[in-house]
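Please read the structure below before turning to the comments.
None of the figures in this text is laboratory data; all of them are computed from the coordinates on show. Just so it is clear, the structure is predicted and the values come from calculations on it, not from any experiment. Positions of Cβ are backbone-derived with ideal geometry, glycine not excepted, and every protein chain shown enters the neighbour counts.
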Amino acid sequence: MRLPISSNTHVLVLTGAGISAESGVPTFRDAGGLWEGHDVERVASPRGFFDDPLLVWRFYSERRAALTGIVPNAGHRALVDLEARLGDRFLLVTQNIDGLHLAAGSQRVVEIHGNLMRSRCTRCDRPSFADTTAYRAGVAPMCGRCKQRGEDSILRPDVVWFGEPVVKDALPRIETFVDAAGAHLVFLAIGTSGLVYPSASFVDVTRRAGGTSWLVNLEASANADRFDHVVLGKASQELPALFAT
Ligand code: OAD
């Protein structure tokens, strides 16, 4: 099957953990996935961070360390090529925090759940900053800017936790794109279980806009029956075929 692309087609892509699985990044909900061995409330919620910031930092420090040597795969690269064809008629929304789309060379990227390799202050309005440190030493990292003002404020990873809204500018950017696309919208979800909102509702937004929806996933996701087209298979194999000219 080929994705139908004409001169006014706008492609909105949503990726989840499945696209990075073939690079060696564990998914969340599959057998052996990241959430299997962890209490989500303790390591990925504001309450968990308030209760035990060091435990949360240990968890995300392990995630940072695990990204060492991880590189994008053919699925990520196929999306770079698609963007080169479409330009501003392309928008890539990712739930992944691994930064692999940016590493591959994608430019129009919305990291809706943040980025593992960035940190921000829990108190001041300093913008988030690149931070690859794996904090293992039993001391939570503190904000240097707050310290200069004589305040002690803890840093947190720049990722979205359960119970938190998605990244601030993400939804307005997606809305603007969907409005511009109208019925020319083609929505393509890749490697996501379809369980986490708001991303799981983009398929419904597409239907309301009069667009067409496609799913590429290893197995039928929770919202698969709401898609117009479902391709079961590995992203690295299916995407290059789907985008063939
Ligand atoms: P999940 O782990 O829930 O789902 C990954 C999906 O990818 C599954 O449906 C797999 O069948 C599929 N999959 C695995 N390997 C694949 C491959 N090679 N090609 C295609 N599909 C493949 O991950 P997400 O849906 O991304 O949020 O999870 C959504 C959010 O839940 C995450 O961003 C994270 C998590 O809790 C937060 O941490 C806020």
task = List Asp179, Asp81 from most exposed to least, where exposure is judged by having the fewest other Cβ atoms within 10 Å.
result = Asp179, Asp81
key: Positive minus negative residues near Gly18 (Lys, Arg vs Asp, Glu; Cβ under 13 Å)   = -3
message = Apply the Karplus curve 6.51 cos²θ - 1.76 cosθ + 1.60, θ = phi - 60°, to the phi angles in the range 46-53 and return the couplings in whole Hz, x for Gly and Pro.
response = x, 4, x, 5, 4, 5, 8, x
query = Once the range 65-136 is represented by equal point scatterers at the alpha-carbon sites, with solvent omitted, what log10 I(q)/I(0) does the Debye formula produce at q = 0.14, 0.19, 0.24, 0.28 Å⁻¹?
reply = -0.52, -0.85, -1.12, -1.31
message = Taking the Kirkwood radius as the inverse of the mean 1/r across Cα pairs, report the Rg/Rh of the range 55-94.
response = 1.21
The chain, dipole about Cα centre (Lys/Arg Cβ +1, Asp/Glu Cβ -1), debye to the nearest 20 = 560
task = Against the globular-protein guess of 2.2 N^0.38 Å, express the Cα radius of gyration of the range 147-193 as a ratio, rounded to two decimals.
result = 1.87
query = Spin-label point model (7 Å from Cα, Cβ direction): what's the Val40 to Gln148 distance in nm?
reply = 3.9
Reduced Cα scattering model of the range 1-41, Debye log10 I(q)/I(0), q = 0.30 Å⁻¹ = -1.03
message = Out of the trypsin sites (Lys or Arg not before Pro) in the range 127-175, which ones are loop residues according to DSSP with at most 12 other C-beta atoms within 10 Å?
response = Arg136, Arg149, Lys168
Computed P(r) (all Cα pairs; the range 1-155; 10 Å bins; percent) = 10, 33, 31, 18, 7, 1, 0
ask   = Among all stretches of the chain without exposed GluC sites (Glu not before Pro) (DSSP loop, at most 16 other Cβ atoms within 10 Å), which one is longest?
value = 37-150
query = Taking other Cβ within 10 Å of each residue's Cβ, how do Met142, Met117 sort, fewest first?
reply = Met142, Met117
key: For the range 173-238, diffusion coefficient by Stokes-Einstein and Kirkwood Rh (Cα), 25 °C, 0.890 mPa s, µm²/s   = 204
key: Helical mean residue ellipticity (222 nm; -39500 (n - 2.57) per DSSP H run of 4+; nearest 500) of the chain   = -9000 deg cm²/dmol
request  = Fewest Cβ neighbours within 10 Å first, please rank Ile154, Ile174 accordingly.
outcome  = Ile154, Ile174
message = Using the Kirkwood radius over C-alpha pairs as Rh, can you work out the diffusion coefficient of the range 34-106 via Stokes-Einstein at 37 °C, viscosity 0.692 mPa s, in µm² per second?
response = 226
query = Can you list, largest first and rounded to whole Å, the semi-axes you get for the range 115-245 by taking the square root of 5 times each eigenvalue of its Cα gyration tensor?
reply = 38, 18, 13
query = Taking Cα centroids, how far is the range 164-192 from the range 26-95 in Å?
reply = 19
